[in-house]
Structure formats: C-alpha cells, structure tokens
Amino acid sequence: MATVVAMVAVLVLYPMYYLFQAALDVGLPDTRPPTAYGVANFAKLLDYPTVLWNTLVVTCAATLLALLFGFISAWILTRTNVPFRRTLDQLMTVPYYVTPLLGALAWSLLGAPESGFINQVWRKFFGTEALIDITSPMGIAWVMALFEGSVAYVMISAVMQSMDPALEEASAVMGGSRWRTMWRITLPLVAPGVLGAAIFVFAEMLGSFSVALVLGTPARFYVITTAIYHFVSQYPPRIALAAAMGASLFAVMFAMLWLYRWLTSRNSFVTVSGKAFRPRVMDMGPLRWVLFAVVALYVLASAALPVATLLFAALQKLAVAFPAASNFTLDHFRQAFSINAVRTAMLNSIMLAMVTATIGVIMTGLLSWIILRSRLPGRGVLEYLAMFPQAVPRIVFAFGMMWAWLVFPLPVYGTFWVLLIAYLTVFMPLGVRTISGVVLQLDKSLDECGQVCGASWWYRMRTITAPLLRPGLLAAWLLIFVASVRELGASILLMGPDSKVMTPAIVEAWFSSSSELTAAMALIQTVVITATMVVFGLFTRRLAQRAVSAP
Amino acid sequence: MTTTMSNPAPAIEVENLCIRYGGVTAVENVSFIAAGGEQLTLLGPSGCGKTSTLRAVAGLETPTSGAIRIGGQTVYDNRAGVNVRTEQRGMSMVFQSYAIWPHMTVFENVAYGLRVRKHGGAALADKVRHALDLVKMGQYAGRNASALSGGQQQRVALARAVAFSPSVILFDEPLSNLDAKLRSEMRIELRELQRRLGVTSLYVTHDLEEALAMSDRVVVMRAGAVEQSGTPADIYDLPRTAFVADFVGSANLVSGDVVASDADRGTVAIRTKDGLVVHGVTHGRRVEQAGTISIRTVHLSLAAERPAGEVNVWPVQIMRSVFLGDVMQVHVLWGAQELVIRRIGAPLNIGGEAAFLHAPPERCALLEASG
C-alpha cells in the first residue's frame, strides 16, 4: 500500500515540486538548483495586466455563455415535452467529442475578420464591414462556451433529474401556477447544483488552452495559459515568469475545485438524493418546436457546423465561402498522408494512446479498487492524490514535468517515455472516476456471495468481479485512448523532435502551413477517433452477446 | 441433501462477540448458541447490530474480540488468533439484496457453489435442477438472471444457497424486499424448506411476525447487545424488558410500587400512582420496591358489567374504538393512563361510556428492572 501511495505521489507531486521551485527561483539564471528563493517572480506578474485582464474577461464571458447553453438545454430536455428528446439528449454530448481545438480551427475559418466564410458572405450582400470577429475576446469566449456548454449541460441536467417531482407537484396541488412553481420551487432547489457547475466550468475555462492558442495568438492576444506557452517557447525562454504564472493559475484553480467539492459534498439541499426520478414534464404546446430548434441550433453550431466547415475547407485548393467546381481537390488529404512527419505523428499518437490506455486502465482500476473496496489505511490520501491532476492545467503540469525530467538522472526527456508518464498522470482522474463509477454500482454482496459459496479470491475475480467490471474497464480504456490522441496542452511542451504526436502537429501546421492542410489533418484525426470508437463499440457488443449466450 | 439427515447439522456458537468500527461499538458481548438443525433468529430494529453479527459469523466482518465456533470448530477467536476465511467456512448465505449475478444465467448462478467444489457433468446438472425445483423455478434455468422479478430473484438466491448441500445457512433479511403477500407466503415456504433440509440456520430480521413464525429460538437485540433470548412464545408472553415488550408486539406497560409479593407462588402486586392495583406473575424475576408490568393488548378484555369476584378488574372510560379489520382496537382511560385493547368481535360503539376492564393475573408479566 505504501508503495502504491508513494508511486502515485511521485507521479503527481514530483512535477509540482519543480513548478514551485522554478516559480520561487530568484537566483542566478540558468543555475539549478536555485541559488536563492523569493517571491519576486510573482511580483513581475503585475507587469502583465493585459494578460490577467484578458483571462478574466474571456473566462467570465465563456463561463456565463456555457452555463446559459447548459441550463437552457437542460431545462428544455428534462422539463418540457420537446420532440425527439432522447435523440437530442445524446446529441448534446457530441460537442464534447468534437473538441475545442477542432471547433477553434473551424470557427476561425468561419469567423476570421477578413477571410472568414460568414464574413465573405456578409460582405457580398451587405457591404464592406465584417459581421463577426472570432479572434476578439468575445469570439474566443463564444467558441470556448460552445464546447464547454456540453459539460455544463451534463452537470445541470443531472441535478434537474435528481429532483423529486413530488416537490413541484406539491406546489401545483397548493394552487401554484407553472411559472410560480418554476421560480419559487424549481430554481431555488437546483440553484446549488447550478452554482457547483458554474464553479467547475469556470475552473475548466481558466485552464483551457487550445481555443485561445488558435484564435488569440496570431493577433498577440494572450490569456494566462497561452502566455505560459509563449514564455516557455520564445527565445530566450522566460522560465521563472512562466513558472510563477503557472503556480498562480494552479492556486486559483485548486481553490475553485476545492470550493466545488465542498459545495457538492455538503448535502444541505434535499434535491440530490442519488435516486433517479422521472421529472414532471410541462406541455409546451406548439412552442415545443421552438424549443427543439433552440437545442438543435446549439448542436449544429458546436458539432455539425465545425465538422462540415473543416470538410468544406479541406476539399478546396483555397478555402473560400463560395464553391467553384475548379476549386475542389483531394490534394490536401493526399498531402497529409504523404508527408512523413504527419504520418509518423499520427502513428505515434495511436501507438502512444494504446499503451497509455492499457497501462492506465490497469493502474486506475487497481487504484479505484483500493480506494473503494479495501480497508487499507491511507486510501483517502490515495484518492486525493489520484484526483489531484484535475486541479492542474495541462500546460502548467507539462511545464513542471519538463522542468522535473530535465534534471532526472534517466534520459527520458524528449522521448515517448516522458509523454507516456505525463499522459498516465493527467488522465489518472479520468480513469479513476470512470472505473469508480462502475465499482460503486457493483453491489458488494455480489462478491461476498461468491466468498460465502467458498470461492477463492482469484476464482471470484475471474468469474464475478472481472466480468462485471468489464464494460466499465473497456469504457475507461476508450476514454483514455481518445483523450490521449487528442491531448494538446501537455504534449506541446513535452514532445521532442523524435517524439512528435498528432494534435500538436495539427497546431504547428495551422501556424506554419496552410489552413486547408490543417483542416484535412484535423478531419483525419477525427475519423481515426470515430472509427476506433465504432470498432470498439461493435467489439464490446459482441463480447456482451457472447457472455449472455454462454452456457 | 440426504447426507445432512444422517449427519446432524452443526451448532453455531457465538461467544462474547464484540465489533467496533473506529470508536463506534456495533456489537457488544453478544453470545448465543444455535443448536444443530435449529433456526435461530436475530431480531431487532435497524442499527441494533444483528446484521454485523451475522456477517461476523459468515466471516465477512472481522470482529474486534470474542469467539465463533461452527460444529465445535473455531472459525474465529481473537485470543487464539484464529480467523478462518469466509470461503473456507463452508457456509451458505442468502443476501438482503439477493446478490444474483446479473451476467450469468439462473442455472449458472445456482451451479456456482457446486463448480467451486469441483462438481461437474450430470451430477451438477442434477443438483442444480433439484435445487431449482425446490423453489419452483425449474423452468427458468436458462433464463438470464437480470430478467427476473424480485420474487423470482429471491427464489434463485435461495436455490443457490441450498444447491451445494450446505449444513449451515445464513439469512440476511431475505424477505424484506418482497411485498407483503409474497412475504407471508415465502415465510412458510422457507420454514418448510429449512425443516426438510435439516440445516442449522441463522436468520436476521426486523420483522416480528417473521421472527415468531419461522424460528425455533429468537434473540432480541438492541443497541449492539442481546436484550432477551428464548422461544418465540417465551419472548412474546414473558418480555424481559420494556424494550422487548414494546418491540415484540404491542403491550401496555404499567408501573407502580410493589405492595405485595409471594416468592413461593411467584406472584406480585403493584399499585400505580392512581391507586390502581395490578396483580401479576414474577417468573422468578427479582422483585424490588417498584416494578413495571407488561400486559399484551390481546390479553385485556372489556365488559359492560363488572365480572364477579375477580382480581385485576377496574372501571374504565372508553375513549375511542379503531376498526383494524381482523381486530378492533379500543383505547380506554385507566386512571390517568391510556391503555390499548385489541379484541375480536362486535365493535363497541360508544365513546365516553363506562366499562370494566379485566386482565388475567397470569398474563401480567413483571419486567426485569432495566438499567
């Protein structure tokens, strides 16, 4: 047990130690370990008020927008008789899989002030001004919100579903009108849950990186995460300043997530009973088609439109809004497959993701089991450590890792090993959360009954525990695989010239070669991920069927 | 299953069992013996430690101290440092949640214990079929376990528990998730089955009727300790404490100063604050200066005319009658205290009416002075 805790602690805390060491290093430059410690680096942050201000504006605007998207769709889908409710509910999670990076690339093609498709169309019909500017702070917030809205939706609809409809029915019985019930009963009861979602989303937005990188940096618009990347990758790098920024960002995010945990663990409100209720549904009459359009529009803007835009752009020699037969080509796809670097990066990503997912499932499976089912002392600490990386923005964590492994006696820096270690650490919360969910659902007595029947630990593991956990383990494998293929924040700092991976390569292509080629690369990545998910889905269904038909 | 007949089932002995979780004591100094072939029930409200005790016998819970022996063999003893693992104790158990494995068929669920014991082939199929027939689930063998109703799952859990011919079966509130009608049916079936198999069983429930109907002996538990143990009739007729009197069926408790007692004949009389005298029996319990007597609601009778020459006859005021279907519940004012009477027969319709209340002295049991 002590070794497990120690191992996880090293993975999680070792980079954090170096982050703070660098942040507090005020000694001679380029000398490690530091010759003097102080807080001067943090004072220097005040020299960059625009970065702090930009971060605040973008984060607040994006959080508000995302909550608005999430709340409205959650209300429509849990409380009204909107048509095609089940389909819409499934579609609402699609934006999460489309990823903010893809969205940023697509919306850049759509809304760039000069060349954006929407502005091209606008100019053609209505004059010379650009209609929208996606590279403005509000534009960046819009794209961030589109993709985080899906997360807000999942969180808020869970709160709305866990509310006992009898509470609302009681109001109706006492003579309260629909709107009175909504204002006086429903909203106050879901408020704590929505507040929790708000804090969680705000923390995620603070640490988000890809949208601001793609849309902001060309116009020298920086938020904290992109500024950190900028300070580390410029020449000469400004390590101490980046570290101080990272440490401050981590502190704020940590505090917010702590607040979130505290809010959600305090069971002061009656609504969340862990029981799933069938909420009362309001009959909206013909208005329900309007509500349908609202949700459909959100899915369209955050999922269908970006993918369609990328496809439209990737198929043209030069991406323009108005299609011409002579302009269409498959060259960009051909090019993407023929460039050695791209092909290698793609294969590297898939290999690395497979290894990460396989080791990750075993590791997080073991951790979940220890945390939830063992009586070993120290499992509380273990849970805390395992969930810790969630509070650290990837780019900040990658910075700590870079700084840590540079001085590590083993030559892993710049190799796949450092990426593997980084992925295993940053995706630990994802794996532990997914598998814990399944372990928690598993009635303890299922295993105990095998025990009473006289079965040994291995026999039970083989016949009861493993088969029952299999769907959860496979789901965790898939989630970690997909997350690894798409990983940007950590990879962009940690990959070396011989360990290129896909997502940073896409960003590099965006900045250094054509947007059409980038669109093609992004689409190829999406197809790879989608194909994996489909194949995996079929495979697991086959497994499930075999388990059922077995004698 | 015939082997258990020739081989008498083993006794379960629990001695000074203590279970603590951190600073909380769940079970304290619990001792009892379930003789071979006997059904012993642990009865008590939720949180009284009955389930913890059962799980300790199963080996699913590690006690803090005490000893547990099965058929004379020590499976747990903290002083001797013995703690036999659950899977080596050779018992069987029916769980409250049934714990039917959802990824297996009904057949595979029932066959599990046999497969663990390396049975196979036709003998295994035979035993599984036999167990399923016992619970009338024979035609469901091929069914997927996740497609069963609650009652069916309960039956499969039972079949699984008996399939490998165990000689000790533990039951953790196995009927609590069933509806009332099914529960009373299963109660009788379970009892029949237990008798037929001749196994020793330890049964946990918070349901009084279940305990009285199914057990050879009942151990009433409260706050982690044994409150009283005895046959169902003993427990019902002679509650030892106010808690048992109240928990095991409805009882009227009356308290007062002891005004007379006869140790040889085992009788006692108390006078309440209102000056009413109640004669009762001691059953060897120590008589102190004051005492409390328990009178079951069904042992009280009402009459319009004063019954001639009997002790324990008091004039009362009828306050209200409540129709409960099988019985009529009458509330009367007895001195300043309200007593409850349950009787069969025509409803008494008049509130405020005077009547005479009678209780046979042999049905008025003195309680032990509780701490």
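Every number in this text was worked out from the coordinates using simple rules, so none of it is lab data. Fair warning: this is a prediction, and the values are worked out from it, not measured in the lab. Counting neighbours? That spans all protein chains shown, and the Cβs are built from the backbone with ideal geometry, glycine included.
Annotations
- Here the peptides A:510-518, A:242-250 are ranked by packing, the mean other Cβ count within 10 Å, and the order with the highest first is A:242-250, A:510-518.
- Fewest-first ranking of A:M401, A:M346, A:M282, using other Cβ atoms within 10 Å as the exposure measure: A:M282, A:M346, A:M401
- Gyration tensor (alpha-carbon) shape descriptor, the range B:5-146, a/c threshold 1.5: prolate
- Lys/Arg +1, Asp/Glu -1 at C-beta; the range A:68-212 dipole; positive extreme among A:P192, A:M160, A:I140: A:M160
- Projecting the Cα positions of A:N41, A:A398, B:S321 onto the charge dipole of the protein assembly as shown (unit charges on Cβ atoms of Lys, Arg, Asp and Glu, taken about the Cα centre) puts A:A398 furthest along the positive direction.
- The range B:250-366: Cα Rg divided by the 2.2 N^0.38 Å rule of thumb: 1.07
- For A:K444, a cut-off of 15 angstrom between C-alpha atoms picks up these aspartates and glutamates, skipping any fewer than 8 places away in its own chain: B:E61, B:D172.
- Reported to the nearest whole Å, the Cα centre-to-centre distance from the range A:19-87 to the range B:22-71 is 54.
- Taking 0.692 mPa s as the viscosity and 37 °C as the temperature, the Stokes-Einstein diffusion coefficient of chain A based on its alpha-carbon Kirkwood radius rounds to 129 µm²/s.
- DSSP loop trypsin sites (Lys or Arg not before Pro) with at most 10 other Cβ within 10 Å: longest gap in chain A: A:1-219
- Rg ratio (alpha-carbon, reference 2.2 N^0.38 Å) - the protein assembly as shown: 1.24
- Pairwise Cα inverse-distance average, inverted: Kirkwood Rh of the range A:50-329 (Å): 20.8
- In a simple Cβ point-charge model (Lys, Arg +1; Asp, Glu -1; nothing else charged), chain B has a dipole of about 1160 debye relative to its Cα centre.
- Cα convex hull of the range A:423-477, projected area averaged across orientations, nm²: 4.0
- The convex hull built on the alpha-carbon positions of the range A:296-439 has an orientation-averaged projected area of 13.6 nm².
- Proximal lysines to B:K181, defined as alpha-carbon separation beneath 24 angstrom and excluding residues fewer than eight positions away on the same chain: B:K136
- Lysines with Cα under 29 Å of A:K317, excluding same-chain neighbours fewer than 8 positions away: A:K124, A:K500
- Based on the Kirkwood approach, the hydrodynamic radius assigned to chain B is 23.1 Å, with every pair of different Cα atoms included.
- Sum of side-chain charges, A:A61 neighbourhood, beta-carbon under 15 Å (Lys, Arg +1; Asp, Glu -1): -3
- Cα convex hull, the range A:397-444: 86 Å³ per residue, rounded to a whole number.
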